[in-house]
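The values are calculated or read from the model by the stated rules, or taken from the named source; none is laboratory data. These numbers were taken from a predicted model, which means no experiment stands behind them. Cβ placement follows ideal geometry from the backbone for every residue including glycine, while neighbour counts extend to all protein chains displayed. Calculation scope for accessible area: heavy atoms of the full protein, side chains included, ligands and nucleic acids excluded. Shrake-Rupley method; radii C 1.70, N 1.55, O 1.52, S 1.80 Å.
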Amino acid sequence: MKERIKLLLQSAKEDIKNASVSKELYELRVKYLGRTGAVTELLKGMKDVPKEDKPAIGKLVNDLREDIERAIEESEKQVKAKELEKRLREEEIDVTLPGKALKKGSLHPVNLVRNQLIDAFSGLGFKVFEGPEIELDYYNFQQLNIPEDHPARDMQDTFYITDSILLRTQTSAGQIRCMEKDKPPIKILSPGRVYRSDYDATHSPMFHQMEGLVVDKGITLCDLKGVLEEVCKKVFEADVKTRLRPSYFPFTEPSVEIDVSCCECGGKGCSLCKGTGWIEILGAGMVNRVVLENCDVDPDVYSGFAFGLGLERIAMLKYGIPDIRYFYDNDIRFLKQF
Ligand code: PHE
């Protein structure tokens, strides 16, 4: 028994000396002191030791256990210190290295144009009024003098949710919501997304409009022309020409369309302006008496003008963007340019 104890201590010390990482030491602790470890096995042999030798042998076994325990602990201290030192060396941070630059975001061209327009119109006293994108047929069509089955509905291919609920096809729905809420004088701008079942280089199923509505005593078409000329000059920064053409909208009478000379070709004619040199940016007109009456505004006392413009169209013109689909591709190379 004494011999076994001596050998065990020797082999344990040898093992501990060779261990270089804490995992090995843990394994050694199990090997010698664990529940099925060598020292425990040794204790089981105690029953064969003659009675008179038991106290002495028992003490030797206890000493053995303590010796091994101590040896492991000491070795552990050294190994852990070495491991820590190694980690600190490996994970050292060179604070003199240049940092990773944060990429700076920028406003989307549609938002840029939206903000520029809001700026220009706010200077003329317009306030922003926002309506919902999921809209009632009532506001999007009926109250705007486009009754059910009216052929003018064909002008706007519509995404219906139910027979009476739809994705708004025009921010003009906001005109009615605003006049229901406030009485004249009214001077609002209503920017937002609109939806139509349309898709080519200049049309997208979702795009952005900005509506304008002014209702007061004595408002005329000249006020509309003056306001829009002023804003176009600001937003397009000088040289852009505008023209008015007679048009038709059920909710304005008379109705006009306003064109801006094409920035891409300077008016010579290109694919963006479909060879005409002009791009339609805006539908407008004097608010139809029927619409005023629908909103309990007396058309014999008040008159107003309204306009609706496409933000993408203006951004395309201003920045010479040839295809509306670039706006929605989220290509950083495109977006970075503005
Ligand atoms: N809502 C019309 C459209 O989307 C534009 C418009 C607005 C026309 C206001 C006249 C007055 O085409």
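Of all the criteria given as (1) among the aliphatic types (A, V, I, L, M); (2) buried (at least 22 other Cβ atoms within 10 Å of the Cβ); (3) out of contact with any strand residue (DSSP E or B) (no Cβ under 7 Å at 6 or more places or on another chain), the one not satisfied by LEU311 is (3).
Residues of the range 224-251 that are open to solvent by less than 60 Å² (accessible area, probe 1.4 Å), of a type outside the set (A, V, I, L, M) and touching a strand residue (DSSP E or B) at 6+ places or on another chain (Cβ under 8 Å): CYS232, PHE236, THR242, SER247, PHE249, PHE251.
Hey, among ILE186, ILE165, which residue is within 14 Å of the ligand (Cβ to nearest atom), among the β-branched types (Val, Ile, Thr) and more than 21 Å from VAL110 (Cα to Cα)? After applying the criteria, what remains is ILE186. Against the conditions (1) modelled with pLDDT of 95 or more; (2) away from the ligand (no atom under 16 Å from the Cβ), where does GLU135 fall short? Just the number, please. Result: GLU135 passes all but (2). For the range 49-87, filtering for residues that are of a type in the set (Ser, Thr, Tyr) and open to solvent by 60 Å² or more (accessible area, probe 1.4 Å) leaves 0. The set of residues in the range 200-220 that are buried (at least 16 other Cβ atoms within 10 Å of the Cβ), farther than 15 Å from ARG313 by Cα and more than 12 Å from the ligand (Cβ to nearest atom) comprises VAL215, ILE219. Note on the range 111-146: residues that are over 22 Å from VAL227 (Cβ atoms) and assigned to a helix (DSSP H, G or I) amount to 7. Only helices (runs of 4 or more DSSP H) wholly contained in the range 226-338 count here; list those with 2 or more residues that are farther than 26 Å from ALA120 by Cα. Hits in the range 226-338: 289-294, 332-335. None of PRO254, PRO250, PRO299 is under 29 Å from LYS181 (Cα atoms), without any contact (Cβ under 8 Å) to a residue 12 or more places away in the chain and either touching a Lys or Arg at 6+ places or on another chain (Cβ under 6 Å) or within 16 Å of the ligand (Cβ to nearest atom) (or both) except PRO299.
Within the range 314-338, residues that are among the charged types (D, E, K, R) reach partners that are at pLDDT below 90 with beta carbons closer than 6 Å, at six or more positions or on different chains, in the pairs ASP323/ALA201. With the structure loaded, tell me whether SER172 is within 12 Å of the ligand (Cβ to nearest atom), surrounded by fewer than 19 Cβ atoms within 10 Å (Cβ to Cβ) and either without any contact (Cβ under 8 Å) to a residue 40 or more places away in the chain or among the hydroxyl-bearing types (Ser, Thr, Tyr) (or both) or whether it fails that test. Here the answer is no, as SER172 does not meet what is asked.
ASP149 meets the conditions (1) without any contact (Cβ under 8 Å) to a residue 60 or more places away in the chain; (2) not in a loop (DSSP other than H, G, I, E, B) in every case but one. The failed one is (2). Scanning the range 25-68 for residues that are under 60 Å from the mean Cα position of the chain (by Cα) and either assigned to a helix (DSSP H, G or I) or of a type in the set (D, E, K, R) (or both) returns LEU25, TYR26, GLU27, LEU28, ARG29, VAL30, LYS31, LEU33, ARG35. The residue that is farthest from THR242 (Cα to Cα), counting only those in the range 280-296 that are open to solvent by 10 Å² or more (accessible area, probe 1.4 Å) and away from the ligand (no atom under 14 Å from the Cβ), is ASP296.
Does the range 148-162 hold any residues that are open to solvent by 60 Å² or more (accessible area, probe 1.4 Å), more than 19 Å from TYR328 (Cβ to Cβ) and either within 13 Å of the ligand (Cβ to nearest atom) or touching a helix residue (DSSP H, G or I) at 6+ places or on another chain (Cβ under 6 Å) (or both), and which are they?
Taking the range 148-162 and keeping what is open to solvent by 60 Å² or more (accessible area, probe 1.4 Å), we get 148-149, 151, 154-155, 157, 159-162.
Add one more test, that the residue is more than 19 Å from TYR328 (Cβ to Cβ), and what stays is 148-149, 151, 154-155, 160-162.
Scanning the range 148-162 gives ASP154, MET155.
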